[in-house]
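Undergrad: Take this structure, written in structure tokens, and hold onto it; I'll ask about it next.
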């Protein structure tokens, strides 16, 4: 089946808008003496072609300089400069067109170009300011509204992924197996080490509280996320004893940076569940957090191997990747790799 040519909304608006304006000017000329249909057609075609060219050149300039991505306050003063510049350009082109049409098609040369220019420049300049202001405002308001709609959709999706992450985290913490192991650990410690049992209860309650009552903020300070990770690892080490070792290498100068909630917690839980817990003799988890080339580097290593061509599996990791993509406009990355019989999960976040 033959594919039909598609005309974009932009070009439809350009053609329709300037055609309507040119027709209006032709009807105005209808009521003046000396109206000629052939000249009206020439003016119509020239007007549509010239003004589409002028505004299209502006559109290319604005797009090339990413004006459509600027916040409204930064865009506004650029528009205030662009409107008079475009209005002056409109006036020069229009006066030149009117004079040449009269010269070439009507043979009227009673006035020099300078006299013709001085006689008509003010009225045409005012009209140019008005028309260019309308076009520029309509163009940027359309793109601003389109951008706001896109951001609203992305924010809604990000919020949904964050809620899912919260549910995943809470589900993991309330998982009967996890809860049973934690309570069983506490029970055994009550008789052998009451202080350790009390500490385990504190850790479990803090983990549950973080999942239930920590609020709806999608970003928290790095030090708060690390505190949650420490509680989780300490509780798991009480349960797994010598089978779980961990080492944290953290640049404390980065503690105040904001990171997506539960991003590191998700990696560490995944390392315990799919790494250390599956090894007969357990293993060690290494958490590194530092800065390199303007990026926050979060790296979690655990024993194990990746299957060949393994992709990111599990709702938690998929949601983490989606949240990073939407939160940082594709500038943050998440990847799984294998190095020296260890699985490495790494997040790179641009430091803002």
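Undergrad: The conditions are (1) surrounded by fewer than 21 Cβ atoms within 10 Å (Cβ to Cβ); (2) in contact with a strand residue (DSSP E or B) (Cβ under 8 Å, 6 or more places away or on another chain), and residue 190 fails exactly one of them. Which is it?
TA: (2)
Undergrad: Select the helices (runs of 4 or more DSSP H) contained entirely in segment 1-110, then report the ones holding at least 1 residues which are modelled with pLDDT under 85, farther than 19 Å from residue 125 by Cβ and touching a strand residue (DSSP E or B) at 6+ places or on another chain (Cβ under 8 Å).
TA: Counting at least 1 such residues, we get no helices (runs of 4 or more DSSP H) at all.
Undergrad: With the structure loaded, tell me whether residue 217 is buried (at least 16 other Cβ atoms within 10 Å of the Cβ), at pLDDT below 85, in the same structural domain as residue 265 (by TED's automatic domain parsing) and under 31 Å from the mean Cα position of the chain (by Cα) or whether it fails that test.
TA: In short, no.
Undergrad: For residues in segment 111-121 being in a helix (DSSP H, G or I) and touching a helix residue (DSSP H, G or I) at 6+ places or on another chain (Cβ under 9 Å), which is surrounded by the fewest Cβ atoms within 10 Å (Cβ to Cβ)?
TA: Ranking the qualifying residues of segment 111-121, first place goes to 113.
Results for (1) buried (at least 21 other Cβ atoms within 10 Å of the Cβ); (2) within 18 Å of residue 182 (Cα to Cα); (3) modelled with pLDDT of 90 or more; (4) not assigned by TED's automatic domain parsing to the domain that holds residue 322, shown as yes or no for each residue.
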| residue | (1), (2), (3), (4) |
| --- | --- |
| 230 | no, yes, no, no |
| 235 | yes, yes, no, no |
| 238 | yes, yes, no, no |
| 247 | no, no, yes, no |
| 253 | no, no, yes, no |
| 258 | no, no, yes, no |
| 264 | yes, no, yes, no |
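Undergrad: Consider residue 201 carefully, then state whether it is in contact with a helix residue (DSSP H, G or I) (Cβ under 8 Å, 6 or more places away or on another chain), over 28 Å from residue 159 (Cβ atoms), without any contact (Cβ under 8 Å) to a residue 24 or more places away in the chain and in the same structural domain as residue 325 (by TED's automatic domain parsing).
TA: So residue 201 passes the test.
Undergrad: Within segment 327-341, how many residues turn out to be crowded, with 20+ Cβ neighbours inside 10 Å and either assigned to a strand (DSSP E or B) or at pLDDT below 90 (or both)?
TA: 2
Undergrad: Still on this model: So which residues in segment 296-316 are at pLDDT 80 or above and more than 14 Å from residue 342 (Cα to Cα), if there are any at all?
TA: Result: 296, 297, 298.
Undergrad: Further, regarding this structure: Being more than 25 Å from residue 351 (Cβ to Cβ) and in contact with a strand residue (DSSP E or B) (Cβ under 6 Å, 6 or more places away or on another chain) is the filter here, so list the residues in segment 259-295 that pass it.
TA: Across segment 259-295, the qualifying residues are 275, 276, 279, 282, 283, 284.
Undergrad: Moving on to the next point. Scanning segment 249-265 for residues that are over 22 Å from the mean Cα position of the chain (by Cα) and in a strand (DSSP E or B), which turns out farthest from residue 223 (Cα to Cα)?
TA: 249
Undergrad: Just to be sure, is residue 88 within 49 Å of the chain's Cα centre (by Cα) and under 23 Å from residue 39 (Cα atoms)?
TA: Answer is no for this residue.
The values are calculated or read from the model by the stated rules, or taken from the named source; none is laboratory data. All of these numbers come straight from a predicted model, not from anything done at the bench. Here the Cβ is made from the backbone with ideal geometry for all residues, glycine too, and neighbour counts use every protein chain on show.
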